[in-house]
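See below for the structure under consideration.
The values are calculated or read from the model by the stated rules, or taken from the named source; none is laboratory data. It should be emphasised that the depicted structure is a prediction, and the values quoted were computed from it without experimental measurement. In this analysis, Cβ positions are derived from the backbone assuming ideal geometry, glycine residues included, and neighbour counts consider all displayed protein chains.
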Amino acid sequence: MTAPLGKDLLGLESLSGDQIRLILDTAEPFKEISERAIKKVPTLRGATIVNLFFEASTRTRVSFEFAEKRLSADSVNIAASNSSVSKGETLVDTARNLEAMRIDMVVIRHGASGAAQFLAERIESNVINAGDGTHEHPTQGLLDLLTLRDHFKRLDGIKVCICGDVLHSRVARSNIWGLKKMGAIVGVCGPRSLLPNAIDDMGVTVFNRIEEAIEWADALNILRLQLERMQGGYIPSLREYNRVFGVTRERLDRVKRDVLILHPGPMNRGVEIDSDVADGPFSVILDQVTNGVAVRMAVLYLLSGGKPELAEAAKKGGER
Amino acid sequence: MTTRALLLRGGHLVDPSTNTDAVGDLFLCDGKVEAFGSRLGVDDDNPGLETIDCRGLVVSPGFIDVHCHLREPGREDVETIATGARAAAAGGFTAVCAMPNTDPVTDNQAAVGFIIRQAQIANASRVYPIGAITVGQKGIALAEFGEMIAAGAVALSDDGKPVASAQLMRTALEYARTFGVPVADHCEDPTLALGGAMNEGAMSAKLGLRGIPSEAEEIMAIRDILLARRTGGHIHLCHMSTKGSVELIRWGKERQVNVTAEVCPHHLSLTEDCVDGYDTNAKMNPPLRTQADVDALQQAVRDGTIDVIATDHAPHHYDEKEREFADAPNGIVGLETALAVNITWLVKPGIIDVKTLVEKMSCAPAKIFHLPGGSFRKGSVADVTVFDPKATWTVDAKRFRSKGRNTPYGGQELTGQVHLTVVDGRVIYRRQD
């Protein structure tokens with residue numbers, strides 16, 4: 001059986017709008033599992049999944065782990081810092097050794113752009129990209145789309161501005177591709193030193209002023225400003241960044257509309273986002289986290305060969 | 001008297017240096033060109049005479065590659081002078097210039113002598129060492145040019161590492177001028193290129209790879225053109241990759257600056273699109289650029305702005321390329337595909353003719369680097385390349401003489417095939433059917 005997404009999920013750039021819609025629709029029936037007292041269904045019973053994390057991660061790793069466990073898959077976590085990787089093993093050798101233990105899927109987080117594709121081309125198992133360098137983070141993009149769709153009841157035509165360090169952000173890339181494929185209108189806002197030079201070729205509107213971005217947008221997706229960027233000389237100081245580009249209550253209050261606030265986390269409160277915005281009435285930051293588990297369940301289910309229309313039945317251990 | 005003689009009969013003789021472009025014979029005697037043309041008075045009774053039928057093939061002065069990396073000493077697992085010289089022969093190159101970024105660096109007369117000795121033992125294509133500009137290629141102190149040149153170095157270069165200090169580069173150009181050799185310049189502003197893995201542009205933005213902007217090359221190209229103008233030294237700009245660089249070279253040449261330039265076959269044929277999918281065999285420095293750059297470079301070869309086509313042959317171990325893109329080393333092998341890539345992308349579409357190709361691969365390199373060869377003039381060294389400009393073949397890296405397998409052309413059908421490589425009047429490579 002040909003899986004509806006193909007063998008791997010490497011990025012949203014390579015998916016069609018229909019495939020993205022399929023994942024989001026498939027996530028809907030899985031949302032309910034996490035609301036049960038006993039949060040477990042037998043859908044992926046017998047599947048073996050390796051979570052291979054070469055970079056530190058709490059949110060994404062735990063979210064994948066819960067998604068796997070709630071679908072009854074057997075999963076193991078490998079962190080690079082205490083594995084054979086620290087003994088100098090190459091990525092391809094690590095993967096081949098894991099595969100020799102007859103696994104079904106690998107979820108990989110890696111600091112190098114293209115690492116997930118590299119792995120996918122060399123092993124038979126399904127590969128899910130949980131973030132590769134500054135390339136893509138597709139499940140984050142999908143959970144952002146699901147959260148936006150929950151709120152606006154559509155994605156077509158909504159205006160979403162991605163704010164901050166687009167240059168180094170895999171979340172930004174997955175959001176740009178995903179939103180555009182779903183018909184949303186995409187803006188970016190940040191200092192030009194943190195936007196790719198070729199941003200104009202990506203079909204987005206560029207805002208130099210956060211005030212203009214807020215004025216324009218239905219939703220802001222505020223990226224984490226990685227603190228090492230300041231040492232890299234991309235911006236003069238965190239203080240100035242907050243003063244010029246920070247999303248503050250005062251700036252939001254100037255527009256008379258509600259502007260939805262998303263953030264992929266972890267947040268630097270008082271830098272890219274002020275606390276009263278993060279904790280405010282229009283913040284859906286924790287909804288994103290909740291949706292993350294459902295979206296990842298949907299991805300695991302579809303990649304394992306599950307049929308989208310049978311997702312509800314599959315929760316009871318029926319045919320996939 | 002018995003002499004060692006080789007008669008290449010009935011080929012299409014192409015030698016821009018003597019303005020030759022006609023069917024005829026080429027007669028080589030005791031390692032020198034004796035005569036060429038039709039109806040040569042060759043003594044068929046000479047027992048030392050070998051005759052090779054070259055009908056339907058192009059016979060040209062031997063190709064000379066002024067830019068390759070043979071990895072010895074230091075990385076003999078990747079290439080040796082012997083395997084590199086045999087790969088060169090298979091690619092139709094009768095001579096190659098070996099860049100000094102070996103381990104240890106070729107920055108002294110003993111190291112130069114070692115390369116010459118290894119090349120003699122290899123007994124294939126000629127190998128001319130290039131000495132380092134600075135000790136250890138560290139960009140701090142000038143290496144001993146005089147002694148290296150006396151030992152056989154033909155040029156100076158810190159290839160792979162730019163000379164960051166303008167003052168040091170100025171001195172290098174002045175000091176090299178004393179000895180009449182070119183300074184082969186790796187143009188790259190180290191701060192702009194820092195951490196870059198590919199061309200900066202739409203593809204790097206999409207792939208999330210750090211880019212190297214065109215300006216990293218162009219800023220240093222114009223700096224060194226200006227320093228050549230100031231000093232009168234000969235700057236040879238290596239592996240030019242951008243449209244902007246072409247304009248800067250043109251600017252320098254219009255002002256009679258002593259500047260020459262080379263381009264690699266891959267920059268004349270491929271674009272940054274090859275990096276899509278993170279193919280590490282499309283990773284080199286300078287990186288593959290855009291179609292506009294390729295077009296400008298092709299035109300620059302045609303109009304003479306760019307003098308030389310050189311391979312930048314850079315073999316790497318399979319394991320080193322079989323990894324994450326950002327961590328993979330720069331470079332591809334090129335000696336055994338150069339002719340075919342040039343014919344496929346330049347001659348076949350009519351951008352240049354075979355005569356211009358021979359000029360760029362043989363005559364101009366000899367002239368610019370003051371090397372023997374590059375001509376059929378009587379008394380020139382008997383270095384000759386015979387090739388079929390129309391034959392097609394499919395690139396199979398496993399069949400390379402080079403130890404390197406890192407080519408972006410694997411599996412592609414190319415046009416143009418080397419049949420015979422002659423060095424010093426001896427056949428060192430003959431195509432096996």
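Annotations for the structure displayed:
- A:ASP258 fulfils the conditions (1) acidic (Asp, Glu); (2) under 30 Å from A:MET105 (Cβ atoms); (3) modelled with pLDDT of 90 or more; (4) not in a helix (DSSP H, G or I) except for a single criterion, (2).
- Among residues of the range B:350-372, those that are touching a helix residue (DSSP H, G or I) at 6+ places or on another chain (Cβ under 7 Å), closer than 15 Å to B:THR20 by Cβ and crowded, with 23+ Cβ neighbours inside 10 Å, counted: 4
- Of all residue pairs spaced 6 or more apart or on separate chains, those with beta-carbon atoms under 9 Å, a first member in the range B:47-58 that is closer than 18 Å to B:ASP21 by Cα and a second member that is among the β-branched types (Val, Ile, Thr) are B:CYS54/B:VAL386; B:ARG55/B:VAL23; B:LEU57/B:VAL386; B:VAL58/B:VAL14; B:VAL58/B:VAL354; B:VAL58/B:VAL358; B:VAL58/B:THR385; B:VAL58/B:VAL386.
- Qualifying residue in the range B:269-281 (condition: among the small types (Gly, Ala, Ser) and not in a loop (DSSP other than H, G, I, E, B)): no
- Test: residue in the range B:198-216 that is closer than 27 Å to B:ILE130 by Cβ and either under 21 Å from the mean Cα position of the chain (by Cα) or not assigned by TED's automatic domain parsing to the domain that holds B:ALA338 (or both): no
- Residues in the range A:5-52 that are closer than 23 Å to A:ALA313 by Cβ, in contact with a Gly (Cβ under 9 Å, 6 or more places away or on another chain) and part of a loop (DSSP other than H, G, I, E, B): A:VAL41, A:PRO42, A:THR43, A:LEU44, A:ARG45.
- Qualifying residue in the range A:233-240 (condition: part of a helix (DSSP H, G or I), under 25 Å from A:LYS31 (Cα atoms) and away from chain B (no Cβ under 14 Å)): no
- When A:LEU286 is tested against (1) surrounded by 15 or more Cβ atoms within 10 Å (Cβ to Cβ); (2) at pLDDT 95 or above; (3) of a type outside the set (S, T, N, Q), exactly one condition is not met: (1).
- Filtering A:ASP165, A:ASP156 for residues that are away from chain B (no Cβ under 14 Å) and among the acidic types (Asp, Glu) leaves a single hit, A:ASP156.
- A:VAL41 meets all of the listed conditions (1) over 16 Å from the mean Cα position of the chain (by Cα); (2) under 30 Å from B:ALA326 (Cα atoms) but one, namely (2).
- Selection of the range A:192-206 for residues being in contact with a helix residue (DSSP H, G or I) (Cβ under 8 Å, 6 or more places away or on another chain) and assigned to a helix (DSSP H, G or I) yields A:LEU194, A:ILE199, A:ASP201, A:MET202.
- The listed residue being at pLDDT 95 or above and farther than 20 Å from B:ALA184 by Cβ, out of B:LEU57, B:LEU70, B:LEU40, B:LEU49: B:LEU57
- Just one of the numbered conditions (1) at pLDDT 95 or above; (2) away from every other protein chain (no Cβ under 14 Å) is not true of A:GLY11: (2).
- Residue match in the range A:171-191 (condition: surrounded by fewer than 18 Cβ atoms within 10 Å (Cβ to Cβ), within 18 Å of A:GLU136 (Cα to Cα) and either of a type in the set (S, T, N, Q) or modelled with pLDDT under 95 (or both)): no
- Every condition in (1) within 14 Å of chain A (Cβ to nearest Cβ); (2) out of contact with any Lys or Arg (no Cβ under 9 Å at 6 or more places or on another chain); (3) of a type outside the set (A, V, I, L, M, F, W, C) is met by B:THR407 except one, and the failing one is (1).
- All positions within the range B:199-228 that are touching a strand residue (DSSP E or B) at 6+ places or on another chain (Cβ under 8 Å), more than 10 Å from chain A (Cβ to nearest Cβ), part of a helix (DSSP H, G or I) and in contact (Cβ under 8 Å) with a residue 40 or more places away in the chain: B:SER214, B:MET220, B:ASP224, B:LEU227, B:ALA228
- Taken over the range A:218-232, residues that are surrounded by 12 or more Cβ atoms within 10 Å (Cβ to Cβ), at pLDDT below 95 and not in a loop (DSSP other than H, G, I, E, B) amount to 2.
- Qualifying residue in the range B:6-22 (condition: surrounded by fewer than 21 Cβ atoms within 10 Å (Cβ to Cβ), over 27 Å from the mean Cα position of the chain (by Cα) and more than 23 Å from B:LEU357 (Cβ to Cβ)): no
- Residue pairs whose Cβ atoms lie under 6 Å apart, sitting 6 or more positions apart in sequence or on different chains, and linking a residue in the range A:198-211 that is away from every other protein chain (no Cβ under 14 Å) to a partner that is in a helix (DSSP H, G or I) and hydrophobic (A, V, I, L, M, F, W, C), are A:PHE207/A:ALA213; A:ILE210/A:PHE245.
- Pair list, Cβ < 6 Å and 6+ apart or interchain, from the range B:376-405 residues that are free of Cβ contacts under 8 Å to residues at least 40 places away in the same chain to residues that are assigned to a strand (DSSP E or B) and crowded, with 18+ Cβ neighbours inside 10 Å: B:ALA391/B:GLN417; B:THR392/B:THR415
- Among the residues of the range A:84-95, at least one is more than 14 Å from chain B (Cβ to nearest Cβ) and either in contact with a helix residue (DSSP H, G or I) (Cβ under 8 Å, 6 or more places away or on another chain) or assigned to a loop (DSSP other than H, G, I, E, B) (or both).
- Of the residues making up the range B:61-83, one or more are of a type in the set (A, V, I, L, M), buried (at least 22 other Cβ atoms within 10 Å of the Cβ) and more than 27 Å from B:CYS363 (Cα to Cα).
- Being among the acidic types (Asp, Glu), crowded, with 24+ Cβ neighbours inside 10 Å and touching a Ser or Thr at 6+ places or on another chain (Cβ under 6 Å) is a condition met by at least one residue of the range B:377-394.
- Taking helices (runs of 4 or more DSSP H) as the structural unit, those lying wholly within the range B:89-195 and holding at least 3 residues that are under 30 Å from B:GLY416 (Cα atoms) and out of contact with any Asp or Glu (no Cβ under 6 Å at 6 or more places or on another chain) correspond to B:109-122.
- Matching option when the condition is farther than 28 Å from B:ILE149 by Cα, away from every other protein chain (no Cβ under 14 Å), without any contact (Cβ under 8 Å) to a residue 60 or more places away in the chain and polar (S, T, N, Q), among B:THR178, B:THR242: B:THR242
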